[in-house]
Amino acid sequence: MRASLPPPPAAIALARDSSVQLAGLAKQLHGILSNAEKETEKRTKEIQLLRMENVLLQQKLEQANETIEALKLQLLQQKQQQEQKEQREFENEFEKEFKQNEFEKERTIK
């Protein structure tokens, strides 16, 4: 068996430099991953807030649509009431004129 010789100083220095570089890269990678996790959490919270806001806006839209429909119905009812009122007024006026004409006919005949 051969006895192993100690590594030359240049190999030791290269291994040490490589180890330092790997440690630096590992630290950078850890920082990048940590920042990515924080950003992901931040975006997740933003998405949750936007979803909640969306739900609230949908509820407001539904309420607004219900209000519009109620106002349309109210307007239609008012229009129908106005038409009925005008019809009654017309009928009353017609009846009044008819009675007046009948009265005048009878008066003329007498």
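The values are calculated or read from the model by the stated rules, or taken from the named source; none is laboratory data. Here the structure is a predicted model, which means the values were calculated and not measured. In this analysis, Cβ positions are derived from the backbone assuming ideal geometry, glycine residues included, and neighbour counts consider all displayed protein chains. For accessibility, only protein heavy atoms count, side chains too; no ligands or nucleic acids. Shrake-Rupley method; radii C 1.70, N 1.55, O 1.52, S 1.80 Å.
Details
- Filtered by the rule that a residue be open to solvent by 100 Å² or more (accessible area, probe 1.4 Å) and of a type in the set (D, E, K, R), region 29-70 gives Glu37, Lys38, Glu41, Lys42, Arg43, Lys45, Arg51, Lys60, Glu62, Glu66, Glu69.
- Test: residue in region 64-72 that is more than 40 Å from the chain's Cα centre (by Cα) and either in a helix (DSSP H, G or I) or aliphatic (A, V, I, L, M) (or both): no
- Taking every residue in region 73-93 that is at pLDDT below 95 and pairing it with any residue that is of a type in the set (S, T, N, Q), at least 6 positions away or on another chain, yields no pair with a Cβ-Cβ distance below 6 Å.
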